[in-house]
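Working notes, beginning with the structure itself.
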Amino acid sequence: MIKILTIVGARPQFIKAAAVSRVIRSQYAGRIDELLVHTGQHYDKNMSKVFFDELDIPHPRFNLEISGGSHGAMTGRMLEAIETVMLAEKPDWVLIYGDTNSTLAGALAAAKLHIPVAHVEAGLRSFNMRMPEEVNRILADRVSNRLFCPTETAVENLAREGVTAGVSLVGDVMYDVSLYYRDVARSRSDALARLGLEEGKYVLATCHRAENTDDPSRLREIGLALADLALNQPVVLPVHPRTAKILAEQGLTASMKDVTLVEPLPFLDMIRLEQSARVIVTDSGGVQKEAFFYDVPCVTMRDETEWVETVELGWNVLTGASREAIVAAVSAPVRPGSKGDDPYGDGAAASKIVESLSA
Ligand code: UDP
């Protein structure tokens with residue numbers, strides 16, 4: 001029996017882990033034992049529990065309940081607690097996802113104990129070292145033994161850094177997830193009716209990247225852009241807890257009175273709203289791709305993106321955090337071209353990952 005210790009902690013990691021865990025349980029029962037460690041980085045009910053319930057993710061075996069504090073403090077506490085679990089469980093593999101502090105802590109703890117590390121979503125780069133995620137990704141990749149890349153670009157990024165051993169192109173587990181839940185969301189979610197929205201007649205927005213939320217001038221431009229857009233069409237913004245706090249502190253919520261601000265949405269409601277939006281405006285990595293998967297034009301409020309294929313194929317435009325540029329891009333969204341040659345794989349990334357770990 002192969003024992004895999006999976007480290008998750010943040011919303012996008014729950015979603016990605018759902019795809020891989022499903023394959024382990026349905027096709028590798030009795031051959032792979034997966035233990036989930038939830039670091040606690042995201043802990044609100046609507047940022048954590050709701051995803052475990054809705055996406056059928058096994059209950060975490062370990063809940064470390066570590067959240068808040070500076071990046072260093074959070075990562076340090078996680079490192080210590082994860083190491084304790086690893087010493088007790090002695091897994092064959094440590095499986096990490098994406099680019100959060102939980103990813104880095106899992107990678108470092110395992111590497112120091114000489115436990116092999118497998119990184120899902122390896123090789124992504126924004127080439128902006130001021131992003132905490134970029135630091136986490138580069139360091140996690142450096143100590144990983146298996147690097148599961150979602151795109152050809154990711155493989156090339158690693159090759160440029162001299163990393164080729166253990167690298168494989170498997171496709172994007174988020175694509176697997178989008179295919180699996182696309183119709184489930186259509187039948188189960190009543191989000192459109194609940195929010196009084198009509199198919200194709202609203203803008204869906206998200207904003208949570210530190211480069212936007214922690215820079216008052218950028219957040220102001222974004223808030224005002226969404227307010228401008230809301231004069232002409234419904235604009236729905238499920239607000240990430242960090243963004244909610246800063247919007248309130250900066251007194252921006254009042255200027256955004258026409259924007260429909262809602263709590264973070266459960267996954268099925270979120271992808272239901274994505275599927276019928278006229279345009280999606282976001283700074284999220286996952287949401288940029290979901291827009292692409294669901295054939296919805298995307299406007300990305302960042303200066304660069306890791307998901308360059310969406311831009312190259314004409315489905316996504318980068319506006320930075322300029323009020324004028326955001327409003328202009330949403331008002332005349334890109335006219336998407338073809339979807340290319342499956343840039344995010346064939347929807348079987350999770351199977352390829354588990355097969356590799358089981359060998
Ligand atoms: N998401 C969600 N509810 C929301 C906002 C986002 O379920 O209110 C989902 C979204 O569909 C995507 C994932 O969360 O699958 C993206 O996570 P996030 O934007 O937090 O992180 P990133 O992808 O930028 O790392």
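The values are calculated or read from the model by the stated rules, or taken from the named source; none is laboratory data. Model, not experiment: these values are computed from the prediction. Every residue, glycine among them, receives a Cβ derived from its backbone with ideal geometry; neighbour counts consider all protein chains shown. Keep in mind that these areas ignore ligands, DNA and RNA; they rest on the heavy atoms of the full protein, side chains included. Shrake-Rupley method; radii C 1.70, N 1.55, O 1.52, S 1.80 Å.
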When you go through (1) touching an Asp or Glu at 6+ places or on another chain (Cβ under 8 Å); (2) in a strand (DSSP E or B) one by one for Val37, which number turns out not to apply? (1)
Just to confirm my filter: which helices (runs of 4 or more DSSP H) fall fully inside segment 192-299 and include at least 2 residues that are out of contact with any Pro (no Cβ under 6 Å at 6 or more places or on another chain), polar (S, T, N, Q) and within 16 Å of the ligand (Cβ to nearest atom)? 210-213, 267-276
Any hit, segment 81-98, residues being closer than 24 Å to Leu124 by Cβ, surrounded by 22 or more Cβ atoms within 10 Å (Cβ to Cβ), within 16 Å of the ligand (Cβ to nearest atom) and among the hydrophobic types (A, V, I, L, M, F, W, C): yes
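Can you say whether Gly196 is more than 26 Å from Glu83 (Cβ to Cβ) and without any contact (Cβ under 8 Å) to a residue 60 or more places away in the chain, as far as the supplied structure shows?
On the way: more than 26 Å from Glu83 (Cβ to Cβ): yes; without any contact (Cβ under 8 Å) to a residue 60 or more places away in the chain: yes.
Spelling it out, Gly196 is indeed more than 26 Å from Glu83 (Cβ to Cβ) and without any contact (Cβ under 8 Å) to a residue 60 or more places away in the chain.
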Restricting the first residue to segment 206-220 and requiring it to be free of Cβ contacts under 8 Å to residues at least 40 places away in the same chain, which pairs with a second residue that is more than 9 Å from the ligand (Cβ to nearest atom) and outside any loop (DSSP other than H, G, I, E, B) meet a Cβ separation below 7 Å and a spacing of at least six or different chains? Thr213/Leu219; Thr213/Arg242; Thr213/Thr243; Thr213/Ile246
How many residues of segment 44-66 are without any contact (Cβ under 8 Å) to a residue 40 or more places away in the chain, on the phi < 0 side of the Ramachandran plot and surrounded by fewer than 18 Cβ atoms within 10 Å (Cβ to Cβ)? The answer is 7
Sole exception among (1) open to solvent by 20 Å² or more (accessible area, probe 1.4 Å); (2) touching a Pro at 6+ places or on another chain (Cβ under 7 Å); (3) more than 24 Å from Phe62 (Cβ to Cβ) for Thr151, by number: (1)
Hey, does segment 221-242 have a residue that's more than 23 Å from the chain's Cα centre (by Cα) and basic (Lys, Arg)? no
Residue under question is Thr319, and the condition is that it be in contact with a strand residue (DSSP E or B) (Cβ under 9 Å, 6 or more places away or on another chain) and either within 11 Å of the ligand (Cβ to nearest atom) or of a type in the set (Lys, Arg) (or both); does it hold? no
